[in-house]
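*Asks:* Just dropping this structure here.
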């Protein structure tokens, strides 16, 4: 309970309740005051109208006519009050038994309050009224008024309703604040508990969703997406570490073995030179592996996204194809480019070029069918709906369908390609570059051969 009372949501609820209570109280007080003013105005207007009517009767028939009219009016129950007295103060007509003596000393046409007693009541209960007193010729007095008991009852109803509304508003406000704060605390406690579990090393935990689609659900969805990303990065880091420990152990061991063999052999300049050249070649391959891993890590972490700029994909593909044409001629393969579509995307030119180069390099390595002396590699840049596709297809043996998802993993190499140079990082880098640019890499069948399709979304105008 103390935790709930100290919560920001509960305190905000109390602040909103106080502000609303002040506003509602002010509004009710203003309406009550205006109601009182309107009621008083109507009361005074009614008295004035009756006074004018009685004055007309007095002008027509004098006191006797006035007494007769008042007797007729008092026979009908109403809140109107009448009293006519003679010069000695004796009551001649009306439904008022008595009023304070000070009432008759008031000036004409002045409204004021008095207490009176009804002439037909036996218990002599005092009532309150608003009256107007007139002195008639001959020192006769006329009192006309209205009982304000109804106005008092209305005022009491308004104030009781106001008090009840304030109490009810306070109860509902505190109860609503308690309910809202409790729900918010439950959601926050759930997030805190899940966060503590994740901090203890269980990255599989995710924030709970209520399904309401509120701001907490949207926050939980963002946190879950972030945790998914972190889990993938941590899994990739673990995978890279395991792969480095496994796949780089052999070349390092081979490198050490060659150096030891050179040291054990008879020292000759030619032997040392050959050992050093072999060591340099092996070191270059290891450096290339680490550079590829670093580039993949930078692409997957989004660090390379800072160099985004408009890139014409056809120009990048043309530059890479021109660079690999001598290699293709030397390998006896035909390398062609088809780029009828000239589209620009926002991307990293260096990484896109490296991705295309990796696809062409793989196609040149494995783009010849078994036993064939020639082959072809075709690069194309085409439009596919809302995407632009860079396709590198070859006429080689291809990749079995069940192994196409595996070849994009780090250090993944099929049995047929283990004798060829490489570390199994080329397609991993291409996939990472595609993800960096919100694109995808698809491995498809070229019948015969393999087709690698790099898809990038076309920016909207």
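The values are calculated or read from the model by the stated rules, or taken from the named source; none is laboratory data. Not measured: the values here are computed from a predicted model. Note: ideal-geometry Cβ built from the backbone for every residue, glycine included; neighbour counts use all protein chains shown.
*Asks:* Which of the residues that make up segment 310-351 are at pLDDT 85 or above, assigned to a helix (DSSP H, G or I) and under 24 Å from residue 387 (Cα atoms)?
*Replies:* Scanning segment 310-351 gives 313, 314, 315, 316, 317, 318, 319, 320, 321.
*Asks:* Can I ask one more? If you check residue 198 against the conditions, is it in the same structural domain as residue 82 (by TED's automatic domain parsing) and either without any contact (Cβ under 8 Å) to a residue 12 or more places away in the chain or surrounded by 13 or more Cβ atoms within 10 Å (Cβ to Cβ) (or both)?
*Replies:* Against the criterion (in the same structural domain as residue 82 (by TED's automatic domain parsing) and either without any contact (Cβ under 8 Å) to a residue 12 or more places away in the chain or surrounded by 13 or more Cβ atoms within 10 Å (Cβ to Cβ) (or both)), residue 198 does not qualify.
*Asks:* Among the numbered criteria (1) under 19 Å from residue 48 (Cα atoms); (2) not in a helix (DSSP H, G or I), which one does residue 77 miss?
*Replies:* (1)
Here is a yes/no grid of residues against (1) exposed (fewer than 11 other Cβ atoms within 10 Å of the Cβ); (2) part of a helix (DSSP H, G or I); (3) touching a residue at least 60 places away in the same chain (Cβ under 8 Å):
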site: 134; (1), (2), (3): no, no, yes
site: 144; (1), (2), (3): no, no, yes
site: 153; (1), (2), (3): yes, yes, no
site: 159; (1), (2), (3): no, yes, yes
site: 167; (1), (2), (3): yes, yes, no
site: 172; (1), (2), (3): no, yes, no
site: 178; (1), (2), (3): no, yes, yes
site: 189; (1), (2), (3): no, yes, no
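*Asks:* Restricting the search to segment 440-457, which residues are part of a loop (DSSP other than H, G, I, E, B) and either surrounded by 19 or more Cβ atoms within 10 Å (Cβ to Cβ) or not assigned by TED's automatic domain parsing to the domain that holds residue 356 (or both)?
*Replies:* 449
For (1) under 30 Å from residue 139 (Cα atoms); (2) touching a strand residue (DSSP E or B) at 6+ places or on another chain (Cβ under 9 Å); (3) at pLDDT below 80, each residue gets a yes or a no:
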| position | (1), (2), (3) |
| --- | --- |
| 1 | no, no, yes |
| 47 | yes, yes, no |
| 59 | yes, no, no |
| 69 | yes, yes, no |
| 93 | yes, yes, no |
| 98 | yes, yes, yes |
